[in-house]
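Colleague: Below is one structure. I have some questions about it.
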Amino acid sequence: MRRDIQKILDSTHDAMIAVDSDGIVTIFNRSAEKLTGQKSADVLGKKVEDVIENTRLPIILKTGKSELNQQQPLNNITIITNRMPVLGDEGEIIGAIAVFRDITELIDLAERITDLSEVRETLEATINATQDAISVVDSDGIGILINPAYTRMTGYTENDVIGKDCTFDLAEGDSVHREVIRTGKPVKGKRLKVGLMKKEVIAEAAPIIVKGILKGSVAIIHDLTEINEIYERLDQAKQIIRNLEAKYTFEDIIGQSEIMINAIEKAKIAAETPATVIIRGESGTGKELFAHAIHNASNRRYSQFVRVNCAAISENLLESELFGYEEGAFTGASKGGKIGLFEKANGGTIFLDEIAELSLNTQAKLLRVLQEKEILKVGSNKPKSIDVRIISATNVDLEKAITEKRFRQDLYYRLNVVPIDIPALRKHKSDIPALVKFLINKYNQEYGRNVSDISTAAMERIMAYDWIGNVRELENFIGRSMINIKMHEHLLTLSHLPSILFSENSADIQLEVAPMEISNANLEANIQMFEKAFIEKILEKHKGSREDAAKSLGISLRTLYYKIKKLEL
């Protein structure tokens, strides 16, 4: 019988130690052996305080009082124990027993449960706080969660959606949840109409996968009305920045060579005066950058800065764009007339780029602005006084243009009050390393790269080239190089540099187009791609001179400018 009792005691998960009235150990089961690290043969028949450290069973024998749910350390674990006296038939104390178990795992589990509960609460709070509408369905497409933003967008509450099919909120279109559940793949950019008001939205959804099993789908819904409003405001802001603000200062001009420092110092001096400035230099040298900087360093910095590319506006529209027109001045004129760019720039600065492309007739009207400080709108006989500082720029030899009767000499003298020559990049190559590092940082941000340096060999290759297209060509070159860099690479090397597509000493223009680009594009796209690359190389060959490039191509200068604008060169 005692052997059967011992088997029962050994099979129980709880550890048990019992002593008689003299404190002699009478029971020591297998679980007690595991937890204490002692063998029953070494413990049974001995005083409990001699074999079990910190035991309280002798105290229980003396007091006769139970100690329940007591937590204490034992070796490297934590146990919870119940200690009770064993009473005889007459109520006398005939022994004591301790029943205990390891609760270390239970504590860890409780902590994990607490952590999970906190994570869940945080997640729910995050989902509820986000301004994006979120809905979640299970693997059967039944709604299990929505957030307040979803209710605000659709008008449906949890009572309407939870437990309902995922198509419940759809007014038009196919359910993104259904597509995700069917394919197991994310869905992006689906235009739908949802909710009581049939609101137009863009929906994105992704599968919820747990241990390789599809458990459901989560969707984020964006209000297309709000997105369109944001885009409209962004376009308006861009238009304001493009037309009325100068973005750059002298701090943005990179150059420590003597020739560049001289140009910068001359521009700074010019900024302090109201004098007319003409900026000369090859295409791509940064003439517009200097114009911005001069405006921002002048006392007109808080007024408008209007940029005009004289070659990009057709001749028959240029006069009305510059000076404006009265209502009824010509067929198609807007009701109420139109304010010209000079009037928009009143009190500020107007930057006339490609000034040499103005027709002689428009040059005469510009001369009037410079001499009389007034404009005459198309269709009006009443001049209007204006206060505008003029900064012009050109890459054309104006002296030669005067000889050829293509540019007015009197206008030249008015414009050429403070001439600033921007050197070609090949004349200040010592500035190239600083420019390259600036461009690397720029494209790190634009392309999501993490390049921190350039190899010596790559820099030597760049320094050896003459950069006929100047800083603009260098910028294009570094941009193409950065595209070749993998996300984990930190050094720009020779292997990343695209090949130079033409030889400076060769009249031939060699074009490179990747086979993949050709195979994946249609005929029209390929034609535009070749045309763009060909015109780029012709312009580079003629050092940015549009006039010489147009002659080489056998097309008019206006046609060339049209193609430059169309192809976004």
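Colleague: Counting only residues 5 or more places away or on other chains, whose amide H sits under 5 Å from the amide H of Lys199 once H atoms are built in the peptide plane?
Modeller: HN-HN under 5 Å from Lys199: Val194.
Colleague: Calculate for the chain the 222 nm mean residue ellipticity that helices alone would give, adding -39,500 (n - 2.57) per DSSP H run of length 4 or more and normalising by residue count, nearest 500 deg cm²/dmol.
Modeller: My calculation for the chain gives -12500 deg cm²/dmol from helical runs alone.
Colleague: Ranked from the most accessible area to the least, with a 1.4 Å probe and all protein chains present, what is the order of Thr154, Thr63, Thr456?
Modeller: Reading off the accessible areas and sorting them downward yields Thr456, Thr63, Thr154.
Colleague: Ser495 to Glu92: FRET efficiency via 1/(1 + (r/R0)^6), r the Cβ-Cβ distance, R0 60 Å, to the nearest 0.05?
Modeller: 0.05
Colleague: Further question on the same structure: Can you sort Lys563, Lys65, Lys46 by solvent-accessible area, 1.4 Å probe, largest first?
Modeller: Lys65, Lys46, Lys563
Colleague: Further question on the same structure: Can you work out the accessible area per residue across the chain, with the rest of the protein chains kept in place, probe 1.4 Å, in square angstrom?
Modeller: Computed with neighbouring chains in place, this is 57 Å² per residue.
Colleague: Same structure again: In whole Å and largest first, what semi-axes does the C-alpha gyration tensor of region 374-420 yield when each eigenvalue is scaled by 5 and square-rooted?
Modeller: 26, 15, 9
Colleague: Skipping prolines and chain starts, which residues have an amide H placed within reach, meaning under 5 Å, of the one on Gly337, given they are 5 or more residues away or on another chain?
Modeller: Residues meeting the criterion, in which the H sits 1.01 Å from N, are Glu327, Gly328.
Colleague: So how long is each side of region 128-206 along the principal axes, counting just the alpha-carbon atoms, biggest first, in Å?
Modeller: In descending order, the Cα extents are 29, 24, 23 Å.
Colleague: Could you go through region 434-439 in sequence order and give the Karplus-derived ³J(HN,Hα) for each residue, using 6.51 cos²θ - 1.76 cosθ + 1.60 with θ = phi - 60°, rounded to whole Hz, and x for Gly and Pro?
Modeller: Running phi through 6.51 cos²θ - 1.76 cosθ + 1.60 with θ = phi - 60° gives 5, 5, 4, 5, 4, 5 Hz.
Colleague: How large a share of the accessible area of region 262-416, in percent, is made up of carbon and sulfur atoms when the probe is 1.4 Å and the other protein chains stay in place?
Modeller: 46 percent
Colleague: Separate question: Against the longest principal axis of the chain, how steep is helix 287-296, in degrees 0 to 90 to the nearest 10, with axes from Cα atoms?
Modeller: So the helix axis and the longest Cα principal axis differ by about 80 degrees.
Colleague: Of the beta bridges DSSP finds with both residues in the chain, what % are antiparallel, to the nearest 5?
Modeller: Antiparallel: roughly 75 percent of the beta bridges in the chain.
Colleague: Pairs of Cα atoms under 8 Å, at least six residues apart: use those to get the relative contact order of the chain, whole percent.
Modeller: 8 percent
The values are calculated or read from the model by the stated rules, or taken from the named source; none is laboratory data. Just so it is clear, the structure is predicted and the values come from calculations on it, not from any experiment. No Cβ is skipped: glycine too gets one built from the backbone with ideal geometry, and neighbour counts run over all protein chains shown. All accessible areas refer to the heavy atoms of the entire protein, side chains included, with ligands and DNA or RNA removed. Shrake-Rupley method; radii C 1.70, N 1.55, O 1.52, S 1.80 Å.
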